[in-house]
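Presented below is the structure to which this report refers.
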Amino acid sequence: MTHSDDIHDIPEAVSHVCDRLRSAGHRALVVGGSVRDRLMGRRPNDWDVATGARPEEVMALFERAVPTGIKYGTVTVLAGIPVEVTTFRRDGDYLDGRRPENVEYSNSIEEDLARRDFTANALAWDPEAGRLIDPFGGEADIRAGIVRAVGRAQERFREDALRMLRAARFAAELDFTVESQTLAAMSQNAGLIRKVAPERIREELNRLLVAPGVRRGLESLAATGLLSQIIPEVVGAFDICAATPPELPVRLAGLLMPVGGTAPENAANGAGQVLERLKYDRKTTRTVLTLVREGEWEAPDQKEVRRLIARVGREMVPSLAGLRQARNQVSGKPDHDVEALLLGLRDSSNQALTETELVIDGQDLLDQGIPPGPRVGRILKALLEAVLDDPALNTRDRLLELAKRIETN
């Protein structure tokens, strides 16, 4: 359902930009996703203004203006919040399947909206007249919950194949359905996605994965063959991913757990290949692989839980608990309260789970006459193993006594 009254409620900074442009004799309209979001009663993350002013004219009108996309007519005005101001334009040919080779400035907002991807984004709001400009039926599609390409879907996707992923992502974010002809064009052009840089694919996939309707988005990718082009290793097992908390590493782990087989190390190797291909950063990759490797772990015994937390680190426990809860929810397996045990042991102040949490350190061992060198590290490691089995050992006297026995053996 749309909330047309909300569209009047735009930030003062955006109104200021539009007023300044109009006072200089230029038409200025709020456009795109910000209009869509206000129609839906949502708070936009970004604000875009389209204008008849040329980029150099926009730069001259505002003291704080940055030419962020000057080749394509875009200037970012820093007016308390960043406002992207782009000259009305027509796009040239998309020879690289990503961006037009050239743009031609226009005096027509209708021509400007015609180059956009989906009808829900091909909207403009005239704040001076209080009028919605909607040449492609975007408001009706928003009301119906539909993602529909502007004009011929085949042309929009051949201009920029990433738009196919954006269609699935919008469906996931907005709880929309991809319109049948748009969906058919995605299927017919799925192979074009191979021309898109892995980094661009990764960013769209990330946004889809943390969206409320992640299952709907993934099912759209699977139904059109796009998923098999991007991650052929995933064969449609979305249940775990959809049941996890909306955190990117956890959702990625839920999606990739079945990849590579059921053995944890094989699954981690398969997931690692996917993450490398999509050029994920090292931190994300390390976190996801740890979750995949440990997500199938089965051991309600407190000793083993302590060892698990020692392996993954306290900070990763909530993510691991969320992944395990999702897995158990999908499989119907009893969880033996392992999730509660994980969180409880993580938060317990009397549990030593790392060498730094032992009540003695390397200097204490040196003070007891143990010579410096690798032997000190090995003794500390052995002490931690003993404390993981029996937390009551983590006292100064007992650890020093145990250290002496280890040293003499």
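The values are calculated or read from the model by the stated rules, or taken from the named source; none is laboratory data. All values reported here derive from a predicted model rather than from experimental measurement. Reconstructed Cβ throughout: ideal geometry from the backbone, glycine too, with neighbour counts over all protein chains shown. The protein model used for the area step is the full one, side chains on, heavy atoms only, and it has no ligands, DNA or RNA in it. Shrake-Rupley method; radii C 1.70, N 1.55, O 1.52, S 1.80 Å.
Please work out which residue is nearest to Gly33 (Cα to Cα), limiting yourself to the range 91-123 and to residues that are touching a helix residue (DSSP H, G or I) at 6+ places or on another chain (Cβ under 8 Å) and modelled with pLDDT of 90 or more.
Result: Asn121.
So is Asp367 open to solvent by 80 Å² or more (accessible area, probe 1.4 Å), over 48 Å from the mean Cα position of the chain (by Cα) and closer than 25 Å to Gln302 by Cα or not?
no
Filter the range 370-403 down to the residues that are of a type in the set (D, E, K, R), loosely packed, with under 15 Cβ neighbours inside 10 Å and part of a helix (DSSP H, G or I) and list them by number.
Selection gives Arg375, Arg378, Lys381, Glu385, Asp389, Arg396, Asp397, Glu401.
Residues to consider are Leu218, Leu174; find the one that is closer than 28 Å to Arg286 by Cα and surrounded by 21 or more Cβ atoms within 10 Å (Cβ to Cβ).
Leu218
Any idea which of (1) within 28 Å of the chain's Cα centre (by Cα); (2) open to solvent by less than 50 Å² (accessible area, probe 1.4 Å); (3) in contact (Cβ under 8 Å) with a residue 60 or more places away in the chain; (4) within 27 Å of Arg169 (Cα to Cα) is the one Ile81 doesn't satisfy?
Among (1) within 28 Å of the chain's Cα centre (by Cα); (2) open to solvent by less than 50 Å² (accessible area, probe 1.4 Å); (3) in contact (Cβ under 8 Å) with a residue 60 or more places away in the chain; (4) within 27 Å of Arg169 (Cα to Cα), Ile81 violates only (2).
Restricting to the range 28-47, name every residue that is over 13 Å from Leu174 (Cα atoms), in contact with a Ser or Thr (Cβ under 6 Å, 6 or more places away or on another chain) and not aliphatic (A, V, I, L, M).
Result: Trp47, single match.
If Arg194 passes every condition in (1) farther than 29 Å from Arg38 by Cβ; (2) open to solvent by less than 50 Å² (accessible area, probe 1.4 Å); (3) not aliphatic (A, V, I, L, M) but one, which one does it miss?
Of everything listed in (1) farther than 29 Å from Arg38 by Cβ; (2) open to solvent by less than 50 Å² (accessible area, probe 1.4 Å); (3) not aliphatic (A, V, I, L, M), Arg194 misses just condition (2).
Could you check the range 212-302 for helices (runs of 4 or more DSSP H) lying wholly inside it with 3 or more residues that are under 25 Å from Ala197 (Cα atoms)?
By residue number, 214-224, 226-230, 248-256, 264-277, 282-294.
It is to be established whether one or more residues within the range 66-77 are more than 29 Å from Glu12 (Cβ to Cβ), surrounded by 14 or more Cβ atoms within 10 Å (Cβ to Cβ) and at pLDDT below 95.
no
From the set of residues in the range 304-313 that are in a helix (DSSP H, G or I) and of a type outside the set (A, V, I, L, M, F, W, C), which is surrounded by the most Cβ atoms within 10 Å (Cβ to Cβ)?
Selected residue: Arg306.
Among the residues of the range 314-325, is there at least one that is open to solvent by 70 Å² or more (accessible area, probe 1.4 Å), at pLDDT 85 or above, within 27 Å of Leu383 (Cα to Cα) and outside any loop (DSSP other than H, G, I, E, B)?
yes
Hey, can you tell me all the residues within the range 202-211 that are outside any helix (DSSP H, G or I) and open to solvent by 40 Å² or more (accessible area, probe 1.4 Å)?
Selection gives Val210 alone.
Is it the case that some residue within the range 328-348 is in a helix (DSSP H, G or I), surrounded by 15 or more Cβ atoms within 10 Å (Cβ to Cβ), at pLDDT 85 or above and not small (Gly, Ala, Ser)?
yes
Condition first: open to solvent by 70 Å² or more (accessible area, probe 1.4 Å) and under 18 Å from the mean Cα position of the chain (by Cα). Now tell me which residues in the range 265-303 satisfy that.
Residues satisfying the conditions are Glu276, Arg277, Lys279, Asp281, Arg282, Lys283, Arg286.
For every residue, the table says whether it meets (1) open to solvent by less than 20 Å² (accessible area, probe 1.4 Å); (2) among the β-branched types (Val, Ile, Thr); (3) free of Cβ contacts under 8 Å to residues at least 40 places away in the same chain.
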| site | (1), (2), (3) |
| --- | --- |
| Glu104 | no, no, yes |
| Ala114 | no, no, yes |
| Ala120 | yes, no, no |
| Ala124 | yes, no, no |
| Asp134 | no, no, yes |
| Ile142 | yes, yes, no |
| Gly145 | yes, no, yes |
| Ala149 | yes, no, yes |
| Phe157 | yes, no, yes |
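With respect to Leu192, determine if the residue is in a helix (DSSP H, G or I), in contact (Cβ under 8 Å) with a residue 60 or more places away in the chain, touching an Asp or Glu at 6+ places or on another chain (Cβ under 6 Å) and under 23 Å from Glu276 (Cα atoms).
Here the answer is no, as Leu192 does not meet what is asked.
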